[in-house]
Amino acid sequence: MNRRRFIAGVGAALAGGSLFGLASACGAELTALVPSPTGALHGTVVDAGGVPRGVGRVYLLNQNGFNPGVHADVDGTGRFDFGAVPTGAYQLRFWGASQASVPETFPNPVPIVVSTDTTTSVQFVVALGESKDGPEQEIYLGEYFFQAQPTGQLNGNTTVKLGTTVCWYNVGGMLHDVSGGPWGSSGPIVHGGSFMWTSDRLGTFPYRCSYHGAQMLATVTVIA
Ligand SMILES: [Cu+2]
């Protein structure tokens, strides 16, 4: 199994050209006294043939990859719309539960920048269908957290059934790892890198990032 098979691997393509390189927003202090500037954020979900697919949900993550739960459901015509969003840098994540995922050739989540009075449009290309590799659970890691997707607590516990493959995915900008538990150590995980462990025993297993252990501590519980 590789990440292509992993259901939460989501591919995204930016529809409007490069939005990268605009993230170095300046003047945050200067704008603090005036109404927060916003920009519009919307997008579409299509399959590899370009056909709109009304499936899934899109989450607006913080720039560091933490998922505060802000989301927009994909409507029947394959569109999603966040409306007006405060100007800034974010990551955007498609989540299709067991119905759809983004092929590994596309990034997921995808970094975006919302600029003042500008419409940011993002297109996700998804593949329909359930993973053939059994149950899976994705946990994001970044500065400085572990978070089960899509709605886990910061540095919380993740409960999975025996046999579930857990995939830790680094959405942050720094080097992290996943140390502890029956798997031992993941070794360093770079941005966009992942580590997978198929749960093969019952119990609650604490783990940490050995680089940022005081801030990045969590547990995974395997139940029958
Ligand atoms: Cu770390």
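The values are calculated or read from the model by the stated rules, or taken from the named source; none is laboratory data. The structure presented is a predicted model; accordingly, all values stated were derived computationally and were not measured. Here the Cβ is made from the backbone with ideal geometry for all residues, glycine too, and neighbour counts use every protein chain on show. Accessible surface is based on the protein model in full, side chains and every heavy atom, while ligands, DNA and RNA are left aside. Shrake-Rupley method; radii C 1.70, N 1.55, O 1.52, S 1.80 Å.
Quick notes
- Scanning segment 165-224 for residues that are crowded, with 19+ Cβ neighbours inside 10 Å and among the charged types (D, E, K, R) yields D177, R208.
- Unmet requirement for G65, which otherwise passes all of (1) open to solvent by 30 Å² or more (accessible area, probe 1.4 Å); (2) not in a strand (DSSP E or B): (1)
Residues are listed down the side, and each one gets a yes or a no for (1) modelled with pLDDT of 95 or more; (2) open to solvent by less than 50 Å² (accessible area, probe 1.4 Å); (3) touching a His at 6+ places or on another chain (Cβ under 6 Å):
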{"position": "G9", "(1), (2), (3)": "no, yes, no"}
{"position": "F20", "(1), (2), (3)": "no, no, no"}
{"position": "S24", "(1), (2), (3)": "no, no, no"}
{"position": "V34", "(1), (2), (3)": "no, no, no"}
{"position": "V46", "(1), (2), (3)": "yes, yes, no"}
{"position": "D75", "(1), (2), (3)": "yes, no, no"}
{"position": "Q91", "(1), (2), (3)": "yes, yes, no"}
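- Residue count for segment 77-89, restricted to those that are open to solvent by 10 Å² or more (accessible area, probe 1.4 Å) and either of a type in the set (F, W, Y) or part of a loop (DSSP other than H, G, I, E, B) (or both): 3
- So G156, is it over 27 Å from V55 (Cα atoms), away from the ligand (no atom under 12 Å from the Cβ), free of Cβ contacts under 8 Å to residues at least 24 places away in the same chain and not aromatic (F, W, Y): no
- Annotation note: of D133, D117, the sole residue that is among the acidic types (D, E), open to solvent by 30 Å² or more (accessible area, probe 1.4 Å), in contact with a Pro (Cβ under 9 Å, 6 or more places away or on another chain) and modelled with pLDDT under 95 is D117.
- Residue pairs whose Cβ atoms lie under 6 Å apart, sitting 6 or more positions apart in sequence or on different chains, and linking a residue in segment 198-213 that is under 9 Å from G181 (Cβ atoms) and in contact (Cβ under 8 Å) with a residue 12 or more places away in the chain to a partner that is in a loop (DSSP other than H, G, I, E, B) and away from the ligand (no atom under 11 Å from the Cβ), are F205/G181; Y207/G181.
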